[in-house]
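This report refers to the structure that appears directly beneath it.
What follows is calculated from the coordinates using simple rules that are stated; it is not laboratory data. As the structure is a computational prediction, the values presented were derived from the model and not from experiment. Positions of Cβ are generated from backbone atoms using ideal geometry, with glycine treated the same way; all protein chains shown enter the neighbour counts.
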Amino acid sequence: MISNYAFRKFKNHFFFILCAVCVVLAVVPLLSILWEVIVRGAPQLSINFLISTNANGGIGPAIQGTLILIGLTSLIGIPIGILSGIYLAEFGNNHYAATMRSINDILTEFPSIVVGITAYGVIVIALIGSYSAIAGAIALSFILIPIVARTTEESLKLVPNSVREASLALGAHKWRTTLSVVLPSAKSGLITGTLLAVARISGETAPLIMTILGNRYFFQGLDQPMAALPLEIWRDSLQPYASAQAQGWGAALILILIVLSLNIAVRLASRGRFKK
């Protein structure tokens, strides 16, 4: 009896230590990357760096372009992704839903460069005829939609069926139950999935090379080439000059801060909304 208890206690401590080691192995590289970006990028930060054009040693157009791309892509992709996830979770017991899940899984694993090449051939060349912010947003939305759809489906599946049955028993229609009962119950998962998708597209470079091309000036229209932080980082990293590489580190730090700020802002806003 004592030996059995001692063995179970040993297993408990062993797996606790093993999990702690795994956490450390995952966190240390992340902290190392963040430290490197902060140390190299922080000295570049200044008002001139944030608001000036590339010709004056700044990344103002790239910051503006990134924010526009994130907003436009979210406007296109998030509603489609959430609606797709709702259909798969609540009405997806059929052949069409199984096919949609397969397509969604394929798109999730697609290399971003393939998405960029496809968008270049279909949107830039065939439909619009030029590099543009619209082409970039559409390309990024093909990366965002599968992630949002998958996380939405999984979040809704975690809602107990008893919650749905209680609403239906009170006379609510299926669509009303989904909108008023199921979605609020899964709000944390929906917000997390959406933020993960936005963070993913914020740092994508390959699709932007093929769709928005880049621009040294501020916003000139949705149908014109546009700057973006991932493009700025990529191009600065290829330069042999220390000043250009330092500018790239600064742009990387700004990109991280933008994604972090968006996450915090959405969390705070949603928390206040749902408390009311």
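Report ³J(HN,Hα) in whole Hz for each residue of segment 164-177, in order, from the Karplus equation J = 6.51 cos²θ - 1.76 cosθ + 1.60 where θ = phi - 60°; Gly and Pro get x.
5, 5, 5, 5, 5, 5, 7, x, 6, 6, 4, 5, 5, 4
Give the average over all directions of the projected area of the C-alpha convex hull of segment 17-78, one decimal, in nm².
On the way: hull surface 27.1 nm².
Here the figure is 6.8 nm², rounded to one decimal.
Sorted by average packing, counted as other Cβ atoms within 10 angstrom per residue and highest first, what order do 179-186, 114-121, 206-213 take? Display every interim value, and only then the final one.
Working: 179-186: 16.2, 114-121: 18.1, 206-213: 24.0.
Those peptides, ordered most packed to least, come out 206-213, 114-121, 179-186.
Taking segment 185-244, which chymotrypsin sites (Phe, Trp or Tyr not before Pro) meet the DSSP loop condition and have no more than 16 other C-beta atoms within 10 Å?
On the way: sites: TYR217, PHE218, PHE219, TRP234, TYR241; in loops: TYR217, PHE218, PHE219, TYR241.
Of the chymotrypsin sites (Phe, Trp or Tyr not before Pro), the ones in loops of segment 185-244 whose Cβ has at most 16 other Cβ atoms within 10 Å are TYR217, PHE218, PHE219, TYR241.
For a quick protection proxy, order the peptides 221-230, 15-24 by their average other-Cβ count within 10 Å, most packed first.
Details: 221-230: 21.8, 15-24: 10.0.
In descending order of packing, they fall as 221-230, 15-24.
Given 0.36 nm per residue, what is the gain on full extension from PHE219 to LEU238 after removing their alpha carbon distance, in nm? Don't skip to the end; give the middle numbers.
Details: separation 19, 0.36 × 19 = 6.84 nm, distance 2.44 nm.
Stretched fully, the PHE219-LEU238 segment lengthens by 4.4 nm.
In whole percent, what relative contact order does the chain give with Cα contacts below 8 Å and a gap of six or more residues?
Values: 337 pairs, mean separation 72.2, N = 276.
Reported relative contact order: 26 percent.
Pull out the extension gain between LEU168 and ALA98, defined as 0.36 nm times the separation in residues minus the alpha carbon to alpha carbon distance; nm, one decimal.
Working: separation 70, 0.36 × 70 = 25.20 nm, distance 2.56 nm.
Between LEU168 and ALA98, full extension yields an extra 22.6 nm.
Once label points are set 7 Å from the Cα along Cα→Cβ at both ASN263 and ALA26, what is their separation, rounded to one decimal in nm?
About 1.3 nm separates the two model spin labels.
Along the charge dipole of segment 59-227, Cβ charges K/R +1 and D/E -1, which of ASN215, ILE125, PRO160 sits furthest on the positive end?
The one lying farthest along the dipole's positive direction is PRO160.
Report, in debye and to the nearest 20, how large the dipole of segment 59-227 comes out about its Cα centre when Lys and Arg carry +1 and Asp and Glu carry -1 on their Cβ.
Working: 9 positive and 8 negative charges, 54 e Å.
The calculated dipole for segment 59-227 is roughly 260 debye.
Kindly provide the helix-only [θ] at 222 nm of the chain, computed as the sum of -39,500 (n - 2.57) over DSSP H runs of four or more divided by all residues, to the nearest 500 deg cm²/dmol?
On the way: 12 runs with 202 residues, N = 276.
Roughly -24500 deg cm²/dmol at 222 nm, from the helical runs in the chain.
Beta carbons within 10 angstrom, averaged per residue: use that to sort the peptides 169-178, 35-44, 135-144, highest first. Mind showing how you got there, number by number?
On the way: 169-178: 12.7, 35-44: 14.5, 135-144: 26.6.
Result, highest mean first: 135-144, 35-44, 169-178.
Any chance you could run the full-extension gain for VAL114 through SER130? It's 0.36 nm times the residue separation minus the Cα-Cα distance, nm to one decimal.
Values: separation 16, 0.36 × 16 = 5.76 nm, distance 1.87 nm.
Roughly 3.9 nm would be gained on extension.
Which value results for Rg/Rh of segment 188-251 when Rg is the Cα radius of gyration and Rh the Kirkwood radius based on the inverse mean 1/r?
Working: Rg = 14.3 Å, Rh = 13.3 Å.
That ratio is 1.08, to two decimals.
Scattering from the C-alpha atoms of segment 59-227 alone, worked out with Debye: what is log10 I(q)/I(0) at q = 0.08, 0.16 1/Å?
Result of the Debye calculation: -0.29, -0.89.
Segment 9-159: Rg/Rh from Cα coordinates, Kirkwood Rh? Write out the running numbers ahead of the final one.
On the way: Rg = 21.5 Å, Rh = 19.3 Å.
A ratio of 1.11.
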